[in-house]
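Here's the structure, in structure tokens; my notes come after.
Bear in mind that the values in this text are calculations on the coordinates, not laboratory data. Values in this document were obtained by computation on a predicted structure and should not be read as measured data.
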Amino acid sequence: MHLLKQNAMDRKVLLSNGDPMGAAIYDYHRNGRAGTLVVMSSQFEDDEIPVEDLFRGIEDMPDLERLALESATGDILDVGAGSGCHSLALKEMGKKPVAIDISPLSVEVMKERGLEAYQINFYDESFVRKFDTVLMLMNGTGIIGNIGNIPTFFSRIRELLNPGGSVLIDSSDLRYLFEEEDGSIMIDLADEYYGQLDYRMKYVDAVDTDLEGVEGETFDWLYLDFNTLAYYAEENGFSAEVIAEGEHYDYLAKLILTD
Ligand code: SAH
């Protein structure tokens, strides 16, 4: 095999290590189709994320996401940007997005799609740019991870926002998972918050065999109902407002600095 090709492949294998979603995104981008991105959790049965959904165009996006894109102004940071679908749509609208993601392969794909994209962890304080709009979509509260991390999340967005800037973030209230047939809700208040999940992902049936079976580590992922988000926003010097509600206990919220 040609040495250059060998190096490129070594690099891909190295990059895909522990990055199943990035592997799926990379596979789809390169080959126009992908295998199965499996989501596992100790709390739920295995599920799948359709990889083509991660490449949705503006016409395929739910109303909440379209509204977020329309509301985004000035310098925009797309956090956890994935394949870059929102940043691409923003660019088409003549806006100025910067995309970040922790997934190396996703960032490589976003760069190939012509975006200004960086492999950066949202919580990395050495990233010091400021933005007018911080966009966190497709259950944006997930990146908060768990309830205990909420203050760190707010102090980080405080660092990233220009004066007068705002965060547009979406989530769902998972209470419907606990609803009984009579409409009552069984939530054990002694348990941890009901929207706090642990996830693990695996990419299988890859088109590109180098990407087959890539698995990630377990991570915390938080679904926050709006009242809980608003409560913690206030505690941390922000106000939260619902911009729109979706059809399935989901909402888009705007967070603004109040102090
Ligand atoms: N916003 C995209 C992708 C959502 S999936 C879309 O709507 O299609 C969540 C993304 O967040 C993944 O790509 C994951 O790699 C990224 N992510 C998770 N934690 C992150 C963190 N701390 N900093 C930056 N990106 C993160």
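Annotation: aspartates and glutamates with alpha-carbon distance below 16 angstrom to LYS130 (same-chain offsets under eight excluded): ASP75, ASP78, GLU116, GLU159. Quote the Stokes-Einstein diffusion coefficient, in whole µm² s⁻¹, for segment 81-213, based on the Kirkwood radius over alpha carbon pairs, a temperature of 4 °C and a viscosity of 1.567 mPa s. D = 74 µm²/s. Mean sequence separation of contacting Cα pairs (under 8 Å, at least six apart), scaled by the length of the chain, corresponds to a relative contact order of 22 percent. Restricting attention to segment 3-257, close to 65% of DSSP beta bridges with both partner residues there are antiparallel.
Rounded to the nearest Hz, the phi-derived 3J(HN,Hα) couplings of segment 207-217 under the Karplus curve 6.51 cos²θ - 1.76 cosθ + 1.60 (θ = phi - 60°) are 6, 8, 4, 4, 9, 5, x, 5, 10, x, 7, where x marks glycine and proline. Given the C-alpha centroids of segment 73-103 and segment 180-201, what is the distance between them in whole angstrom? Answer, in whole Å: 32.
Using alpha carbons only, the radius of gyration of the chain set against its Kirkwood radius gives Rg/Rh = 0.97.
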